[in-house]
Ligand SMILES: [Zn+2]
């Protein structure tokens, strides 16, 4: 017997209908959090949830919870979902696939008359993107206790409009305390936002966790002098030193499987084309799925810093951000892998390179994610694109995994 599958035409039509809200000429979406278009997107989503007889609740961060009862409604629900907000030049699928795919799971269960032991709660997290109000993933952050409501009260957009003021204005200030709802587990479907699945012609990424990160600011000090009169051998060129450190970072990133090293900001002083810089500032973002490997990369870098000291340079490294590696719950990961096998979709384990609401939620609740490919691995871009078949595969696996977890 074929396992229950989702309806690809209904799923695709739902995605395309919702993508009209905040639609850009370029084909993408501009639906930044807590704007009028975000309100329209939420209103339509809530309408669709009510059409499926879901019980809709909203918390003090404006996160929407829509619940389908289980046969034993005293049990904690299985949560599924993601986010409906986008970047200012966003695509049609980042986050949205996880929410509207979750809706398709519910519709499929309702049409097939399938009951589950546990309730299922579909979630739209407020402000995942962090473009209008920083930081990103703010409501799942409060849900998980990483941030507080007092922290959020300090947040304002570029026009000085406060987060809670904007939330009030669109009418989505709920009365449920954030974190009051407890879930048995949380499953999030998302596009990969990277090229791995597409390159390997693989339909499903079974996400086993998220990378560890270390964000660093380097300051290298040497001595300024004339670009023409100073022989190379008598310089204390801060750029030469920074260049060696940056090259070493890339070697470390390239030298370890799944290592990442990014130098995104470089600034010289005095920034004159014919003066050897006395100071170079640069940032270094290093990542690895394993905390131990990341620590080893940083230790190697410290050796390189010592070598620069020995040459007479002053080098300081300030770590301004860090996140440990996240390992998702094994039972949830297995449920996703088993669902992919059962449906006959090609799959591989993968570690998330980006932040997601699931990463915060995993701190307080067993969690895992499903990835589907996106064209060229491109997202946060209006050209972000997936096929109906890829959307269906992801939602089929979300359905299969949800059914497995909902009967535990
Ligand atoms: Zn997203």
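Quick note: the coordinates plus some simple rules give every number you see, no bench work behind them. All values derive from a computational prediction rather than experimental measurement. Neighbour counts run over all protein chains shown; Cβ positions are idealised from the backbone, glycine included.
Ordering of 178-189, 35-46 by packing is 178-189, 35-46, highest average first (other Cβ atoms within 10 Å, averaged per residue). Is the C-alpha gyration tensor of the range 162-223 telling us rounded, prolate or oblate? Criteria: a/c under 1.5 is rounded; beyond that, a/b larger than b/c is prolate, otherwise oblate. Oblate shape, in that a/c is at least 1.5 and b/c is the bigger or equal ratio.
Between 66, 358, 166, the residue with the greatest mean-square fluctuation in the GNM of the chain (Cα pairs under 10 Å linked by springs) is 166.
To the nearest ten degrees, helix 8-18 and the longest principal axis of the Cα atoms of the chain are 60 degrees apart. Protection proxy ranking of 394-403, 345-354, 269-278, by the mean of other Cβ atoms within 10 Å over each peptide's residues and highest first, is 394-403, 345-354, 269-278.
The separation of the range 33-77 from the range 213-260, counted between C-alpha centres, amounts to 51 Å. For the range 127-171 versus the range 295-354, the spacing of their alpha-carbon centroids is 27 Å.
Using C-alpha pairs under 8 Å with a sequence gap of at least 6, the mean separation divided by the residue count of the chain gives a relative contact order of 24 percent. The distance from the alpha carbon centre of the range 360-408 to that of the range 79-112 is 9 Å, rounded to a whole number. Compute the acute angle (0 to 90°) between the alpha-carbon long axis of helix 330-343 and the principal axis of greatest extent of the alpha-carbon atoms of the chain; round to the nearest 10°. Computed tilt is about 60 degrees. The packing ranking of peptides 198-204, 115-121, highest mean first, is 115-121, 198-204, where packing means the average number of other beta carbon atoms within 10 angstrom of each residue.
When the Cα convex hull of the chain is projected onto planes of every orientation, the mean area is 21.9 nm². Once a ≥ b ≥ c are taken as the square roots of the eigenvalues of the Cα gyration tensor of the range 212-323, is the result rounded (a/c under 1.5), prolate (a/b larger than b/c) or oblate (a/b not larger than b/c)? Because a/c hits 1.5 or more and a/b exceeds b/c, the range 212-323 counts as prolate.
Cα gyration tensor of the range 14-135, axes a ≥ b ≥ c as square roots of the eigenvalues: rounded (a/c below 1.5), prolate (a/b > b/c) or oblate? Judged from the Cα gyration tensor, the range 14-135 comes out prolate (a/c at least 1.5, a/b above b/c). Among 326, 207, 305, the ranking by other beta carbons within 10 Å of each residue's beta carbon, starting with the fewest, stands as 305, 326, 207.
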